[in-house]
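Chemist: One structure, pasted below without further comment.
What follows draws every value from the coordinates through simple rules; no lab data is involved. Predicted model, so just to flag it, every value in this text is computed and none were measured. A quick note on method: Cβ atoms are made from the backbone with ideal geometry, for glycine too, and the neighbour counts reach across all protein chains shown.
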Amino acid sequence: MATAEERREEGEVLGWTLRLGSYGSVGLIVVGALLSMMKSGGAEVVLKAGFLLLMFTPAIRIVVAGIMYLKEKDYRYVVVSAVVLAIMTVTSVLSLMGILPQLEK
């Protein structure tokens with residue numbers, strides 16, 4: 001069982017994970033937009049990196065939470081984290097392959 005202090009520290013770690021992902025992606029998107037306005041090379045790559053970081057931030061948060069649950073030996077939540085991550089991965093892959101939109105028709 002985790003103490004109140006350990007739970008607070010876990011919340012801080014998860015918060016930092018989300019903040020770093022959000023701020024990092026916004027920073028990359030702004031830099032990419034500025035490079036694009038200046039007609040500089042590499043703008044598209046920086047923009048894509050910013051959007052990818054923004055998209056993967058929730059998945060990174062789930063991985064971090066799963067690692068923290070594993071450290072606590074709370075295997076029920078490790079499994080829950082793994083299942084949620086698997087669902088996100090499968091739906092993303094199906095969407096990229098063009099299969100998921102076909103299921104909606």
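Chemist: What share of Cα pairs, in percent, lie more than 17 angstrom apart in segment 1-52? Don't skip to the answer; put the middle values down first.
Modeler: Working: 665 of 1326 pairs.
For segment 1-52, the fraction of Cα-Cα distances above 17 Å is 50 percent.
Chemist: Dividing the alpha-carbon Rg of segment 50-105 by 2.2 N^0.38 Å yields what?
Modeler: Numbers: Rg = 13.8 Å, N = 56, 2.2 N^0.38 = 10.2 Å.
This ratio for segment 50-105 stands at 1.36.
Chemist: Based on the alpha-carbon gyration tensor of the chain, what equivalent-ellipsoid semi-axes (square roots of 5 times the eigenvalues) come out, in whole Å, largest first? Write out the running numbers ahead of the final one.
Modeler: Working: eigenvalues 203, 102, 12 Å².
Gyration-tensor ellipsoid for the chain: 32, 23, 8 Å.
Chemist: Also: Ser22 label point, 7 Å along Cα→Cβ, cut-off 18 Å on backbone N: hits in segment 39-82?
Modeler: In segment 39-82, the label zone of Ser22 (backbone N under 18 Å from the point 7 Å along Cα→Cβ) covers 50-65.
Chemist: In nm, to one decimal, how far is the Thr3 label point from the Tyr77 one, both placed 7 Å along Cα→Cβ?
Modeler: 1.7 nm
Chemist: Now a separate question. Return the loop-located trypsin sites (Lys or Arg not before Pro) in segment 1-94 (DSSP other than H, G, I, E, B) with at most 10 other Cβ atoms within 10 Å of their own Cβ; answer none if there are none.
Modeler: Working: sites: Arg7, Arg8, Arg19, Lys39, Lys48, Arg61, Lys71, Lys73, Arg76; in loops: Lys39, Lys73.
Those that pass, being in a loop and sparsely packed, are Lys39, Lys73.
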